[in-house]
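Accompanying notes for the structure given below.
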Amino acid sequence: MSDFLDDLCKRVELAARNNTPLRPAGGSTKNFYGGPLQGEEVDMRQWAGIVEYEPTELVITVKPGTPLAEVEAALAAQKQELAFEPPRLGGAGHAAGGTIGGAIVSGLAGPARLSRGGVKDYVLGCTLLDGKGQLLHFGGVVMKNVAGYDVSRVIPGSMGTLGIVTELSIKVMPVAPAEATLQFEMDVNKAISQSNEWLSKPLPISATFYDNGKLTVRLRGASAAVQAALKNMGGQELPTEQAQTFWVSVRDQQHEFFNVEGDLWRMAVPPTTVDLALRGQSVHEWGSGLRWLRTDATFTGEQIRAVAKRVGGHATLYRTANEAARVQAFQQPDAVMLKLQRRLKEQFDPAGVFSINRLSPIL
């Protein structure tokens, strides 16, 4: 075992004995997300590097402190990518984009989530330092080695509450040989119905984004499939450079919609749901299955969550300047799911050392 991991295990053991909360951190680009930050920071940036990368196997194994940009650059050199298109948050500076560990434990996926699936679909295995100071290994490095209930699949979205991830094996994908972006002018309900109609067909749709009367659709796949879709779908094709800039702004939340003060809600709803007509400005992603809502104080969180629940979805207070409101950033799960979450927390962190209250004030 390395000196770093040995020291980290001892630190966790001591924290458990002394009831001292700890908070794993990387680039700190997502400190705004989830409950208020509590506990001593455990800086994982010094535990960085690509452990193993075999392009022919479509698997990369990394330490969590590795910059996300470094991982993506290594993949790009082999014409491969992280399929879930994680956002690079944080703006300019050394921490821009954050770390691969933060990208995984936050569970946040970008525009390609629509066609490629979420973060959890690509985590093949991990090593976790639990609340007892033990290093635990889960999963494998190839899909055939992943069987049964695998804890590595619940790490995405756990926000560091189950332990400190010390190594990750991630499935990667080849970059699509062709890409194009189309833009259409239509109202919101037409955009919802049209997106879902297209998604029901064998079209190479990779991502969608709706804002202020414009539906933008990204196509990715074989060249013949992309060219056929361009002919059949109509719309206006965006120049390549303009399209790339646009999708990066959506992925990294630098689009003008995200750069306005006020509470920002992230609503997951059935994609065919008609416009919810909530006060405030909204944009849609993932075929309208993900809806971002920017509101002011005139609309309460209870009202927003009630609307989402009524249509079979849920709402997360993604960003707010109100620290008190962050305590309930995530919509609370039902009784069955809450019981499962508590059992996981008790199993891996019985003393409540890690990232307390980051997901919920009762976990």
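The values are calculated or read from the model by the stated rules, or taken from the named source; none is laboratory data. Worth saying up front: this structure is predicted, and the values here are computed from it rather than measured. Counting neighbours? That spans all protein chains shown, and the Cβs are built from the backbone with ideal geometry, glycine included.
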Residue by residue through the range 339-363, note down the ones that are modelled with pLDDT of 90 or more and within 16 Å of HIS314 (Cα to Cα).
LEU359
Which residue out of VAL274, VAL283 is touching a helix residue (DSSP H, G or I) at 6+ places or on another chain (Cβ under 9 Å), in contact (Cβ under 8 Å) with a residue 12 or more places away in the chain, β-branched (Val, Ile, Thr) and not in a strand (DSSP E or B)?
VAL274
Residue hits (the range 24-43; touching a residue at least 60 places away in the same chain (Cβ under 8 Å), over 19 Å from the mean Cα position of the chain (by Cα) and on the phi < 0 side of the Ramachandran plot) are GLN38, VAL42
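Would you pick out the residues in the range 157-186 that are outside any loop (DSSP other than H, G, I, E, B) and among the β-branched types (Val, Ile, Thr)? Show your work before the answer.
From the range 157-186, those outside any loop (DSSP other than H, G, I, E, B) are 164-171, 173-174, 178-185; that's our starting set.
Matches in the range 157-186: ILE164, VAL165, THR166, ILE170, THR181.
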Residues being farther than 19 Å from PRO87 by Cα and assigned to a loop (DSSP other than H, G, I, E, B): count how many of those fall in the range 24-43.
5
List the residue pairs whose Cβ atoms are under 9 Å apart, where the first residue sits in the range 298-325 and is more than 16 Å from SER360 (Cα to Cα) and not assigned by TED's automatic domain parsing to the domain that holds PHE32, the second is exposed (fewer than 15 other Cβ atoms within 10 Å of the Cβ) and among the acidic types (Asp, Glu), and the two are 6 or more positions apart or on different chains.
ALA321/GLU261
Go through the range 45-77 and give me each residue that's among the polar types (S, T, N, Q) and either assigned to a helix (DSSP H, G or I) or out of contact with any Phe, Trp or Tyr (no Cβ under 8 Å at 6 or more places or on another chain) (or both).
THR56, THR66
Within the range 269-311, how many residues are farther than 24 Å from GLN183 by Cβ and in contact with a Ser or Thr (Cβ under 8 Å, 6 or more places away or on another chain)?
4
Looking at the structure I just gave you, is VAL165 surrounded by fewer than 23 Cβ atoms within 10 Å (Cβ to Cβ), at pLDDT 95 or above and either aliphatic (A, V, I, L, M) or within 19 Å of VAL42 (Cβ to Cβ) (or both)?
no
May I ask you to list the residues in the range 53-90 that are more than 16 Å from ALA103 (Cβ to Cβ), touching a residue at least 24 places away in the same chain (Cβ under 8 Å), exposed (fewer than 15 other Cβ atoms within 10 Å of the Cβ) and not basic (Lys, Arg)?
GLU57
Can you find a residue in the range 191-203 that is in contact with a helix residue (DSSP H, G or I) (Cβ under 7 Å, 6 or more places away or on another chain), assigned to a loop (DSSP other than H, G, I, E, B) and not assigned by TED's automatic domain parsing to the domain that holds VAL283?
yes
Determine the pairs where a residue that is closer than 29 Å to PRO350 by Cβ, located within the range 106-133, has a partner that is basic (Lys, Arg) and assigned to a loop (DSSP other than H, G, I, E, B) with Cβ atoms under 7 Å apart, the partner being 6 or more residues away or on another chain.
SER106/LYS30
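Of the residues that sit in the range 286-319 and are part of a loop (DSSP other than H, G, I, E, B) and not charged (D, E, K, R), which one is nearest to ALA112 (Cα to Cα)? Lay out the reasoning, then the answer.
Step one: list which residues in the range 286-319 are part of a loop (DSSP other than H, G, I, E, B), which gives 289, 296-300, 311-313.
Going one step further and asking which of them are not charged (D, E, K, R), we end up with 289, 297-300, 311-313.
Details: GLY289: 13, ALA297: 32, THR298: 33, PHE299: 30, THR300: 31, VAL311: 24, GLY312: 23, GLY313: 20 Å.
Ranking the candidates gives GLY289 first.
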Quick one: would you say THR20 is part of a loop (DSSP other than H, G, I, E, B) and either among the acidic types (Asp, Glu) or more than 22 Å from GLY97 (Cβ to Cβ) (or both)?
yes
